[in-house]
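Everything on this sheet refers to the single structure shown next.
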Amino acid sequence: MAEHVTLTEPYVEPRQQRQADFMGMYVFLGTETMLFGGIFALVFAYRTLHPDAVAEAARHMRLWIATANTALLLTSSLFVALAVHAARRGGRRAVAGWLGLAIAFGAAFLALKGVEYWKDYTEGLMPLIGPHASVRDGPAALFIDLYFVATGLHAIHMTVGLTLLGTIATLVGGRRKGVPSQAVVVEMGGLYWHFVDVVWVFIYPLFYLARG
Amino acid sequence: MTAEPALQTPEEKVSYLAAGHSVRSWLLTTDHKRIAILYLISITGFFFIAGIAAALIRLDLLTPQGDLLTNEGYDRAFTLHGIVMVWFFLIPSIPNTFGNFLIPLMIGAKDVAFPRLNLLSWYIYVLGGLFTVYVLIVGGVDTGWTFYTPLSTMFANGHVIAVAIAVFIVGFSSILTGLNFIVTIHKLRAPGMTWGRLPLFIWSHYATSLILVLATPVLAVTLVLLASERLFHLGIFDPALGGDPLLFQHLFWFYSHPAVYIMILPAMGVISELVSAAAHKRVFGYWFIACASLAIAAVGFLVWGHHMFVAGQSIYASAIFSFLSLVVAVPSAIKVYNWTATLYKGDIRIDPPLLFAMAFIGLFTIGGLTGLMLALLAIDVHVHDTYFVVAHFHYIMVGGAVSAFFGALHFWWPKITGRMYSLIWGRISAGLIFFGFNLTFFPQFILGYLGMPRRYHVYPPQFQTLNVLSSAGASLLAAAYVLPFFYLVYALRNGAPAGPNPWNAAGLEWTTPSPPPKHNFETTPEVDRPAYDYPLAKRSADG
Amino acid sequence: MSRETTLLVAVWAALMLLLAATVAATFAPLGALKPVLNLGIAFAKASLVFWVFMHLREQPWLARLAAVAAVAWLLMLIALTQADLMTRSLF
Amino acid sequence: MSGLFQLAPPEASAHAAQVDHIFLGFLALTVLLTAPVFVLLIYYAAKYRQGRPADRTHAPSRGPLIETSWAVIPFLLAIGFFVWGTFLFFQGSRAPLDALTINVVGKQWMWKFEHPGGQREIDALHVPTGRPVRLVMTSQDVIHSLYLPALRLKQDVLPGRYTSLWFNADRPGVYAIRCAEFCGFDHSVMGGRFIVMRPEAYARWLAQAGTDGSLADQGFKLFRAHGCSGCHSDQSTRRAPALAGLYGRATPLEDGRIVTADDQYLRDSILYPARDVAAGYAPIMPTFAGQLSEAEVLRLVAYLKSLGPKEPAQ
């Protein structure tokens, strides 16, 4: 497969270029790990400082929506993996199809997340806007606000990921990126998508399952 | 790696400087050398902005009442000085200019791994810079560069959000550069350029990139949390809700202490090159220095708590951090002693680069050992947040990193521009910088031990003598920093052509013409010997 | 289905089983063990995704290291922060 | 007198002298470790200068043994200082049981001190010689840092938390109090006088300083005024735990944890009652956050301490 790859500056051979692309993406995802890691460190800190308040706050979170969302994301990851597999074998239309399914599942995730935020809003969990729930009076508010920051940041990453997958599906489907010669584009988009899933895999137990 | 200068012929490929003169050919370039020049120009601009703020501070401190500035003006001046110097000068200074220029040349590559990302990194830097200039114009910010909560989230008046955005943005420039360097060093080494043959400059930049990539995102998320607490009144660190402002300090120093190593590790890489090139001798203990760079990068992540000994941190955690801070000094000590040993039995040319390197070694050693004093708990409780700390970190960052930056500038200037500058003026400015620096900052050690806290606009009259000495040194230092600007720019037109290897130094970058052609090497070089392969023993036997 | 496809689907099935397990653990009376178990399952899920979906099994070991190095640094951040919080009132 | 010829602030306690000793000791080590570097740098540069005849044969390019030794030996020397410095620091962190407790509240931009007898002062702190004094400190707004250079002591003062430091001053005199953590506009003038007096003089000063009754008495007034006695007294229908003898006791909580009822616990229980509910009681107490100033909370804590039998177990 490597023989088909289009070479660009400053590389001298295809294998080198492919490894560089993968390594660059892994290092970038490492930085993303640290980005979310800062928030996770705070979550652990407040679990230590205010165990009861955190459990109380976690009981206000919508466990079942989050569980459904986890299932949606993990399944979309499977579709992306299948798309990458197809791209490596040159199945142009299969790539677009699998990516389309993954995008549908990702969009469903965001829609459910929106429902969840709406419920949070009506129940008074949000800072600054909407009614004010009494649970926001004490240290539980710290945990709830971290939840909004973490899931909000994750939703931004989801939106970026959806845009990315959509672009790749269009490019590959419309023959503007050939597979398997430029399968690396699908592979890179896939890596990013899987990583966004992995972040959610940790957000899920840290916030929703922390009910003590 | 020959020491003989190669002949320059008209058929030689055009240099990167001559490969297009339009503005577009610069602003849309993906050539790592041109991007390095873009960085060099922009960081010089920010160096002068932050330098002017420093000058205002020192002038104001001539009198105990602080007659020049108001309280608020003073707070804004030192905050601006810190933010611009740290994020817009020191952190990008050596990596983004000399690292960008030299890493592909030193490992025998045509460019960095992701050239367009490299250009993007510069544009992000400029965007962050524009935010900073905006904050400057609208009046600045008064939190100090450390943004401690709850002062920054609830009590400060300045444009905290705008400056947080500026620093957040410039962080991504750091991340992209670090990512690019890591992949470049892993994947683009010329055939035969094994890890054991890499110049130490490369090792130190590799270690630096690890920190850039792993620490900067934590700063980014911390600033996001800070901004959202200020903007949306989220309770993240809010003590009124039971939040802990110390958590902000933990996250902040998890980035900002390793950031010190972002500044000093590239400087150490530069010094290894300068010392061995001046002595015309292989650097002493290659592997110890290379591993020391990695050790500093790794252990440097475990010592941040020494900024929090009196902050209300657990005393047991403080003891752990104190111990780890002593551990991180070990690799630094190795480097200093090894550089000294490199000079032993060398064939030494006392040119400006060596003078800057010697200034670095001396000032860095003093800065490092006073850092160990600060790592000792009982001493730190007294001198924490005093001028002792100010003096200590200026010895590292200005005496160390900035001296190395000037050393690198004087060493590689002929390679970058193809012209030689006046060596006499170079020696004079190295001497002036060393003297002016010590006059500025040594009195501050005494001020600190006497109990003058930092960030004081008004101070007790008994501290005036030392402050006046320090301010006098600062004006000398300012003049000394401006001086190279004149003779280096003068050399651009009037300097003698430098030839490929004016210092008779080893290293792949000296085998290309000066300035190097667009793609660095005619053919990809094959490397068959270690770095610093000087024929010293042979030559001294002949002579 | 090709062998590759079978593997991908098997990984997905395993992920779903782990999800069910972690939900079950949340409602089981496990006490202090619960967060440990939930995080352990999260790590197991992440490892599966990294190893198969994210191609780590095809990579040279240095690239694998690059992909997971951040986790080690993150653990240092969390461990040393906790070292402060947990021992603050011990004197 | 010019600051140029004075290299350290006055020493007002034995601890200050010890800090100066460790500082001078480490300074000597610094000279020992750096002098060879400075001398050899210049000596080698001169001796092996290009063009000068010198023996350059057999120049070494590595020496693992010597490199290891100059890495390890300075480190071991520094470890000695680590032990010394940590010992001094720990010693300074644990106040003796009989210490005189003075409350400190920092706010932008002044220091407020309250003595156990209820005497209050602003930007000045009077203490007796020869007796351990413990400062329990909190902030009303941002982070400050109480810095007493003559004692070589400093401790950040945080909103929402109590921090403390203690000392035993032994040299009467007037010294400086400063704020060491940047706290905004007037940070550099947030300070005052630290007055160390002989015990007789201190007693005279206490007597002449006006007071509305001891801190505990003032706390008792607040205790009644805010209706605390309605629930927390033996006459009430026992909906709330009794407070006599509470201070310093290990207290079981509703969720199974056991905490020591120290200053911080009492403060948090007043301001955030739902956080650590005592075992056997419903979380029905209302919060007093926003109704009481930090100084008032400190007075209430002083009252509760006066009901307790002893200082908290160390």
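The values are calculated or read from the model by the stated rules, or taken from the named source; none is laboratory data. All values reported here derive from a predicted model rather than from experimental measurement. Because the Cβ atoms are built from the backbone with ideal geometry, glycine has one as well, and the counts that use them run over all protein chains shown.
Quick one: C:V23 ticks every box in (1) assigned to a helix (DSSP H, G or I); (2) of a type outside the set (G, A, S); (3) touching a Leu at 6+ places or on another chain (Cβ under 7 Å) except a single one, so which number is it?
(3)
Within the range C:52-91, how many residues turn out to be of a type in the set (K, R) and either within 22 Å of B:S209 (Cβ to Cβ) or not in a helix (DSSP H, G or I) (or both)?
Adding up the residues that qualify gives 2.
Any residue in the range B:109-121 that is under 14 Å from B:F521 (Cα atoms) sitting within a Cβ distance under 7 Å of a residue that is part of a helix (DSSP H, G or I) and aliphatic (A, V, I, L, M)? List the pairs, counting only those 6 or more apart or interchain.
B:V112/B:I103
Being assigned to a helix (DSSP H, G or I), farther than 21 Å from C:H55 by Cα and not β-branched (V, I, T): is that true of A:A68 here?
Judged against the criteria, A:A68 is a match.
For the range D:199-256, give me the residue count where each residue is within 29 Å of the chain's Cα centre (by Cα) and either closer than 26 Å to A:A53 by Cα or in a loop (DSSP other than H, G, I, E, B) (or both).
Result for the range D:199-256: 17.
Looking only at the range A:41-55, how many residues end up being part of a helix (DSSP H, G or I), buried (at least 20 other Cβ atoms within 10 Å of the Cβ) and more than 7 Å from chain C (Cβ to nearest Cβ)?
Residues flagged as part of a helix (DSSP H, G or I), buried (at least 20 other Cβ atoms within 10 Å of the Cβ) and more than 7 Å from chain C (Cβ to nearest Cβ) within the range A:41-55 amount to 7.
Pairs under 9 Å by beta carbon, first residue at the interface with chain A (Cβ under 7 Å from one of its Cβ atoms) in the range C:45-70, partner surrounded by 13 or more Cβ atoms within 10 Å (Cβ to Cβ) and not in a helix (DSSP H, G or I), six or more apart or different chains?
That search, which allows pairs on different chains as well, returns C:A66/C:Q59; C:A67/C:M54; C:A67/C:Q59.
Criterion first (in contact with a helix residue (DSSP H, G or I) (Cβ under 8 Å, 6 or more places away or on another chain), more than 19 Å from A:V135 (Cβ to Cβ) and facing another protein chain (nearest Cβ under 9 Å)) does A:G100 satisfy it?
Spelling it out, it is not the case that A:G100 is in contact with a helix residue (DSSP H, G or I) (Cβ under 8 Å, 6 or more places away or on another chain), more than 19 Å from A:V135 (Cβ to Cβ) and facing another protein chain (nearest Cβ under 9 Å).
Looking at A:G190 and the list (1) under 30 Å from B:G243 (Cα atoms); (2) touching a residue at least 12 places away in the same chain (Cβ under 8 Å); (3) buried (at least 21 other Cβ atoms within 10 Å of the Cβ), which single condition is not satisfied?
(1)
Cβ-Cβ distance below 7 Å, separation of 6 or more or different chains: which pairs start in the range B:443-458 with a residue that is more than 7 Å from chain D (Cβ to nearest Cβ) and touching a residue at least 40 places away in the same chain (Cβ under 8 Å) and end on one that is in a loop (DSSP other than H, G, I, E, B) and buried (at least 24 other Cβ atoms within 10 Å of the Cβ)?
B:R454/B:D385
Give the range B:229-249 a look and list any residue that's out of contact with any Pro (no Cβ under 9 Å at 6 or more places or on another chain) and of a type in the set (A, V, I, L, M), or say none.
Matches in the range B:229-249: B:L231, B:I236, B:L246, B:L247.
For D:L29, are the conditions met, namely being surrounded by 14 or more Cβ atoms within 10 Å (Cβ to Cβ), in a helix (DSSP H, G or I), touching a helix residue (DSSP H, G or I) at 6+ places or on another chain (Cβ under 8 Å) and more than 7 Å from chain B (Cβ to nearest Cβ)?
Yes: the conditions hold for D:L29.
Give A:L153, A:L128, A:L209, A:L165 a once-over and let me know the one that is aliphatic (A, V, I, L, M), surrounded by 22 or more Cβ atoms within 10 Å (Cβ to Cβ) and over 29 Å from A:T6 (Cβ atoms).
A:L209
Hey, can you tell me all the residues within the range B:94-105 that are within 14 Å of chain A (Cβ to nearest Cβ) and either among the hydrophobic types (A, V, I, L, M, F, W, C) or surrounded by fewer than 20 Cβ atoms within 10 Å (Cβ to Cβ) (or both)?
B:I103, B:L105
Let me spell it out: the conditions are (1) out of contact with any helix residue (DSSP H, G or I) (no Cβ under 9 Å at 6 or more places or on another chain); (2) closer than 30 Å to B:S322 by Cα; (3) small (G, A, S), and B:A292 meets all of them except one. Which number is the exception?
With respect to (1) out of contact with any helix residue (DSSP H, G or I) (no Cβ under 9 Å at 6 or more places or on another chain); (2) closer than 30 Å to B:S322 by Cα; (3) small (G, A, S), B:A292 is out only on (1).
D:D268 is checked against (1) in contact with an Asp or Glu (Cβ under 7 Å, 6 or more places away or on another chain); (2) of a type outside the set (A, V, I, L, M); (3) in a loop (DSSP other than H, G, I, E, B); (4) under 25 Å from D:V105 (Cα atoms) and fails just one. What number does that condition carry?
(3)
Any idea which of (1) within 14 Å of chain B (Cβ to nearest Cβ); (2) assigned to a loop (DSSP other than H, G, I, E, B); (3) not basic (K, R) is the one D:I79 doesn't satisfy?
With (1) within 14 Å of chain B (Cβ to nearest Cβ); (2) assigned to a loop (DSSP other than H, G, I, E, B); (3) not basic (K, R) applied to D:I79, the lone miss is (2).
Quick one: which of A:A86, A:A81 is facing chain C (nearest Cβ under 9 Å) and either at negative phi or out of contact with any Leu (no Cβ under 7 Å at 6 or more places or on another chain) (or both)?
Exactly one of A:A86, A:A81 is facing chain C (nearest Cβ under 9 Å) and either at negative phi or out of contact with any Leu (no Cβ under 7 Å at 6 or more places or on another chain) (or both), namely A:A81.
Would you check which residues across the range D:179-222 are among the charged types (D, E, K, R) and under 20 Å from D:P132 (Cβ atoms) and list them?
D:R198, D:E200
Could you list, in sequence order, the residues of the range A:132-181 that are among the hydrophobic types (A, V, I, L, M, F, W, C), within 14 Å of another protein chain (Cβ to nearest Cβ) and not in a helix (DSSP H, G or I)?
A:A133
Suppose we filter the range D:166-187 for residues that are more than 9 Å from every other protein chain (Cβ to nearest Cβ), outside any loop (DSSP other than H, G, I, E, B) and in contact (Cβ under 8 Å) with a residue 60 or more places away in the chain; how many remain?
The number of residues fulfilling the criteria is 6.
Scan the range B:310-321 and report the pairs whose first residue is of a type in the set (S, T, Y) and whose second residue is part of a helix (DSSP H, G or I), with Cβ atoms within less than 7 Å and a gap of 6+ or a chain change.
Pairs that qualify, where the first residue is of a type in the set (S, T, Y) and the partner is part of a helix (DSSP H, G or I), are B:S314/C:D84; B:S314/C:T87; B:Y316/C:T87; B:S318/B:G305; B:S318/B:L377.
Taking C:L15 and the conditions (1) at pLDDT 95 or above; (2) surrounded by fewer than 20 Cβ atoms within 10 Å (Cβ to Cβ); (3) within 9 Å of chain A (Cβ to nearest Cβ), which numbered condition does it fall short on, given that it satisfies the others?
(2)
For the condition β-branched (V, I, T), at pLDDT below 90 and over 30 Å from D:M285 (Cα atoms), what is the one hit in D:T237, D:T211?
D:T211
Any residue at all in the range C:28-40 that is in contact with a helix residue (DSSP H, G or I) (Cβ under 9 Å, 6 or more places away or on another chain), within 7 Å of chain A (Cβ to nearest Cβ) and within 27 Å of A:R88 (Cα to Cα)?
There is no residue in the range C:28-40 that is in contact with a helix residue (DSSP H, G or I) (Cβ under 9 Å, 6 or more places away or on another chain), within 7 Å of chain A (Cβ to nearest Cβ) and within 27 Å of A:R88 (Cα to Cα).
Among the numbered criteria (1) closer than 18 Å to B:I41 by Cβ; (2) surrounded by 17 or more Cβ atoms within 10 Å (Cβ to Cβ), which one does B:Y123 miss?
With (1) closer than 18 Å to B:I41 by Cβ; (2) surrounded by 17 or more Cβ atoms within 10 Å (Cβ to Cβ) applied to B:Y123, the lone miss is (2).
Suppose we keep only residues that are touching a strand residue (DSSP E or B) at 6+ places or on another chain (Cβ under 8 Å) and more than 16 Å from D:L307 (Cα to Cα) within the range D:216-268. Which one would you say is surrounded by the fewest Cβ atoms within 10 Å (Cβ to Cβ)?
Among those residues, the one meeting the criterion is D:I258.
Of the conditions (1) within 11 Å of chain B (Cβ to nearest Cβ); (2) buried (at least 24 other Cβ atoms within 10 Å of the Cβ), D:V196 satisfies every one except a single condition; which number is it?
(1)
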